[in-house]
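Shown next, in structure tokens, is the structure this report addresses.
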Amino acid sequence: MNKVKPKKRLGQHFLKDPNIAQKIVFSLFEKTGLHKVIEVGPGMGALTQYLLQNKTVQTYVIEPDTEAVAYLRERFPELEGRIYEADFLNFDIDTLGSSKFAVIGNFPYNISSQILFKILEHRGEIDLVVGMFQKEVAERICSGPNSKKYGILSVLVQAYYDLEYLFTVTPEVFSPPPKVQSGLIRLQRNH
């Protein structure tokens, strides 16, 4: 099984630290009542392997990279029928059924705001999000009304979700390392 080469055009930075991957997945699973999870951009499955350990939750992965999709199909045969070769921004979420679900991912930083807007469009189905963002973006999303970082994204997301900035992740846990630090945040539907 060949490793997948990160593609700059897709903004890929693969998480390579298993301890961080487990911590991210735990941040999702410590909230109860989950039945479906969509992983956005799984790459080589750093998070996927831990998502699949929870047998009570059905995991779906959406990955635009053909090479990564082939790798995931070979590495995780139990995901048969639940691997979608697609761009999350153009993916029809309704194809997964009408039940509520969570979203998790190490989001490509160049489209992370658009991913949040897509999540907001489907806020009726998406109860929980655990996502890795560029640290400054994560802080901006989580900032309060009296902060200089508070802006339109903060207002829109906080109107529907309670937010928590969970922890900061340093560049060396990724391959290739991004030029910035990353921040993991959790969004939980607030009504």
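The values are calculated or read from the model by the stated rules, or taken from the named source; none is laboratory data. Keep in mind the model is a prediction, meaning the values are calculated, not measured. Positions of Cβ are backbone-derived with ideal geometry, glycine not excepted, and every protein chain shown enters the neighbour counts. Side chains are part of the model used for accessible areas, which takes the heavy atoms of the whole protein and leaves out ligands, DNA and RNA. Shrake-Rupley method; radii C 1.70, N 1.55, O 1.52, S 1.80 Å.
Quick notes on this one:
- Residue ID - farthest from GLY43 (Cα to Cα), chosen from residues in the range 73-91 that are in a loop (DSSP other than H, G, I, E, B) and aromatic (Phe, Trp, Tyr): PHE91
- Taking the criterion of being surrounded by fewer than 17 Cβ atoms within 10 Å (Cβ to Cβ) and outside any helix (DSSP H, G or I), the residues of the range 92-121 that qualify are ASP92, GLY97, SER98, SER99, LYS100.
- For the range 50-72, the count of residues that are outside any strand (DSSP E or B), open to solvent by less than 20 Å² (accessible area, probe 1.4 Å) and either hydroxyl-bearing (Ser, Thr, Tyr) or within 20 Å of LEU166 (Cβ to Cβ) (or both) is at least one.
- Looking across the range 78-91, not a single residue is open to solvent by less than 30 Å² (accessible area, probe 1.4 Å) and acidic (Asp, Glu).
- Long-range neighbours under 6 Å by Cβ, at least six apart or interchain, first residue over 24 Å from PHE29 (Cβ atoms) within the range 169-191, second open to solvent by 10 Å² or more (accessible area, probe 1.4 Å) and of a type in the set (Phe, Trp, Tyr): SER175/PHE14
- Looking across the range 136-155, the residues that are open to solvent by less than 60 Å² (accessible area, probe 1.4 Å) and either at pLDDT 95 or above or of a type outside the set (Ser, Thr, Tyr) (or both) come down to VAL137, ALA138, GLU139, ILE141, CYS142, GLY144, GLY151, LEU153.
- Among the conditions (1) touching a residue at least 40 places away in the same chain (Cβ under 8 Å); (2) assigned to a helix (DSSP H, G or I); (3) of a type in the set (A, V, I, L, M); (4) open to solvent by 20 Å² or more (accessible area, probe 1.4 Å), the only one that MET44 does not satisfy is (2).
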